[in-house]
Amino acid sequence: RMNETFSKCNSIDEPFDVSDKRSCPLGIYDCRDIQINKNSLLEHYLSEQHQRSLVRRTQQFIESTNDDSTKTNIDNDKENTSIQSIYEKLSIVTQNIETTYDTLDQLSSDVHRCNNQNCILASELKDMKDAYTLGNAHISASSLNQSVLKHDMIDLKEQINIENERMHDEYNGMMVWKITDIHEKRTDAQSERKTSVYSYPFYTSKCGYKLCLRLYLNGDGAARDTHLSLFLVILRGEYDALLEWPFSYRVSFCLCDQRTMIETNGTTEPKHIIESFRPDPNS
């Protein structure tokens, strides 16, 4: 308050030289340009001018303190606002992180489910590949079997044709014997695994003698290792009771010259080997 006076100032107790003059500590206010010695210092402190300066300085200090407090409050408000803003942002970030974690959990579940599905699909694909491989093997085997059956059918047709020809010829007293695998049969004869082979039976007539041929490819007896030996074998037949015995009809053997017939295509007379004889009743 302006009417109050102060009898003391903190700076009064400060020592100074009596002979020195100095400015009032409140010289920046109303006590400007005043030089005071020690004898007049108390008088100056009690003067209206000094009291006015002291009051003004006190008011400025209070105002400055209020301004600082206001500024501090403003700064605190700003800081609180900033903290609130940061908290809100952190809350949003936390929510986003939680959402991200939920999304990651969902993605992890999806990945796990996809892995299981991939394992199932891989197993099914393997089964399909195995089935495809097995199917191809069956197809290959079927193709091979079909090829074998085709060859067997061809062989069977040939055998049927031969059998038909044989059935046609077996009752006329003639027999054409085509010997297959001659080299293997000759080897078997030389090694004595199988010394002879037989032809199929044939007849001299519808109710005639039943005959067959027996061939020794490595020879028999004195002809062994040097000649072929061919025998006519008389078999037990259905009409033996009606026939004349012993068998005494002329027999002719013919070794066909197939090479000449094949190489010349029939243009050159083949050199067949023909031998005729009457069987020995006592043999």
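Observations on the model:
- Residue in the stretch 187-196 that is assigned by TED's automatic domain parsing to the domain that holds Arg236 and within 25 Å of Phe247 (Cβ to Cβ) present: yes
- When Val197, Val176 are screened for being β-branched (Val, Ile, Thr) and out of contact with any Lys or Arg (no Cβ under 8 Å at 6 or more places or on another chain), only Val176 passes.
- In the stretch 233-249, residue farthest from the chain's Cα centre (by Cα) [restricted to those that are closer than 18 Å to Leu213 by Cα and not in a loop (DSSP other than H, G, I, E, B)]: Ile234
- Scanning the stretch 218-232 for residues that are in a loop (DSSP other than H, G, I, E, B) and in contact with an Asp or Glu (Cβ under 8 Å, 6 or more places away or on another chain) returns Asn218, Gly219.
- For the stretch 271-279, the count of residues that are polar (S, T, N, Q), surrounded by 13 or more Cβ atoms within 10 Å (Cβ to Cβ), within 29 Å of Lys194 (Cα to Cα) and free of Cβ contacts under 8 Å to residues at least 40 places away in the same chain is zero.
- Cβ pairs under 7 Å, 6+ apart, first in the stretch 258-269 and in the same structural domain as Val176 (by TED's automatic domain parsing), second in a loop (DSSP other than H, G, I, E, B) and surrounded by 10 or more Cβ atoms within 10 Å (Cβ to Cβ): Thr260/Thr268; Thr260/Pro270; Thr260/Lys271; Met261/Pro270
- If only residues of the stretch 193-217 that are charged (D, E, K, R) and over 59 Å from the mean Cα position of the chain (by Cα) are counted, the one that is modelled with the lowest pLDDT is Lys206.
- Selected residue (only one of Tyr209, Tyr200 is surrounded by 13 or more Cβ atoms within 10 Å (Cβ to Cβ), aromatic (Phe, Trp, Tyr) and within 28 Å of Arg250 (Cα to Cα)): Tyr209
- Residue check for Gly237: modelled with pLDDT of 90 or more and farther than 20 Å from Glu275 by Cα: yes
The values are calculated or read from the model by the stated rules, or taken from the named source; none is laboratory data. Worth saying up front: this structure is predicted, and the values here are computed from it rather than measured. Using ideal geometry, Cβ is built from the backbone for each residue, glycine included, and neighbour counts are taken over all protein chains shown.
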